[in-house]
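Undergrad: First the structure, then my questions, so here it is.
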Amino acid sequence: MSFEAFTNIEFETIFQLLLAIGLGALIGFERQLRRRPAGLRTHMLVSLGATIFTVISLSFDIEPSRIAAGIVTGIGFLGAGSIIAHKGHIRGITSAATLWIVAAIGLSVGVGEYVIAIISAVFVFVILQLGRIEKRAGMKQDDYGF
């Protein structure tokens, strides 16, 4: 790769990559604080990866729906690896769901839907805070760890 090729990277692409990392970090930070199977770096990498696949597919005029389907499938396998069944309880479903949504956020960034990506990341962060509210209110989590 020559230096000229590096300088051809548009500012918007760099912005997309940084935004994907930042939004993945927002959700991953919450998961890291709760010591969940998928934490800060994992969420950042998933979001970044989804953005890269999307940006590249658009650059080469590859059908975006095919790339999106591949991302969803791949993240499904990654998420399944974070789910653990132990003594009748299932743990990690929320982490699997956050990996899935972070991939969708990265995909949104990659196609230039920044508002959807940002609002979605904020919504996910707020939804994850419901666990703390439930704990303070003395509500029992169901057996599935949602």
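The values are calculated or read from the model by the stated rules, or taken from the named source; none is laboratory data. Just so we're clear, the structure is a prediction, and the values are computed from it rather than from any experiment. Every residue, glycine among them, receives a Cβ derived from its backbone with ideal geometry; neighbour counts consider all protein chains shown.
Per-residue answers, yes or no, for (1) within 19 Å of residue 113 (Cα to Cα); (2) hydroxyl-bearing (Ser, Thr, Tyr); (3) touching a residue at least 24 places away in the same chain (Cβ under 8 Å); (4) touching a Gly at 6+ places or on another chain (Cβ under 7 Å):
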{"position": "22", "(1), (2), (3), (4)": "yes, no, no, no"}
{"position": "26", "(1), (2), (3), (4)": "yes, no, yes, no"}
{"position": "32", "(1), (2), (3), (4)": "no, no, no, yes"}
{"position": "47", "(1), (2), (3), (4)": "yes, yes, yes, yes"}
{"position": "54", "(1), (2), (3), (4)": "yes, yes, yes, yes"}
{"position": "65", "(1), (2), (3), (4)": "yes, yes, no, no"}
{"position": "81", "(1), (2), (3), (4)": "no, no, no, no"}
{"position": "85", "(1), (2), (3), (4)": "no, no, no, no"}
{"position": "93", "(1), (2), (3), (4)": "no, no, yes, yes"}
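Undergrad: Just to be sure, is residue 126 closer than 21 Å to residue 19 by Cβ, at pLDDT 90 or above and crowded, with 17+ Cβ neighbours inside 10 Å?
TA: no
Undergrad: Let me ask another. Kindly establish whether residue 105 is of a type outside the set (Phe, Trp, Tyr) and in contact with a Phe, Trp or Tyr (Cβ under 6 Å, 6 or more places away or on another chain).
TA: Considered against the rule, which asks whether it is of a type outside the set (Phe, Trp, Tyr) and in contact with a Phe, Trp or Tyr (Cβ under 6 Å, 6 or more places away or on another chain), residue 105 comes out as no.
Undergrad: Hey, could you check region 56-92 for residues that are surrounded by 13 or more Cβ atoms within 10 Å (Cβ to Cβ) and touching an Asp or Glu at 6+ places or on another chain (Cβ under 9 Å) and say which is farthest from residue 111 (Cα to Cα)?
TA: 90
Undergrad: What about residue 138, is it among the small types (Gly, Ala, Ser), without any contact (Cβ under 8 Å) to a residue 40 or more places away in the chain, part of a helix (DSSP H, G or I) and surrounded by fewer than 19 Cβ atoms within 10 Å (Cβ to Cβ)?
TA: no
Undergrad: Any residue in region 104-115 that is part of a helix (DSSP H, G or I), among the aromatic types (Phe, Trp, Tyr), over 22 Å from residue 132 (Cα atoms) and modelled with pLDDT of 95 or more?
TA: Pass one, region 104-115, residues part of a helix (DSSP H, G or I): 104-110, 114-115.
After this cut, where a residue has to be among the aromatic types (Phe, Trp, Tyr) as well, the list is 114.
From the residues that got through so far, the ones that are over 22 Å from residue 132 (Cα atoms) too are 114.
From what is left, the residues that are modelled with pLDDT of 95 or more are 114.
Yes, because at least one residue in region 104-115 is part of a helix (DSSP H, G or I), among the aromatic types (Phe, Trp, Tyr), over 22 Å from residue 132 (Cα atoms) and modelled with pLDDT of 95 or more.
Undergrad: Hey, which of the helices (runs of 4 or more DSSP H) in region 1-97, taking only ones fully inside, have at least 3 residues that are on the phi < 0 side of the Ramachandran plot and modelled with pLDDT of 95 or more?
TA: Output list reads 11-33, 40-59.
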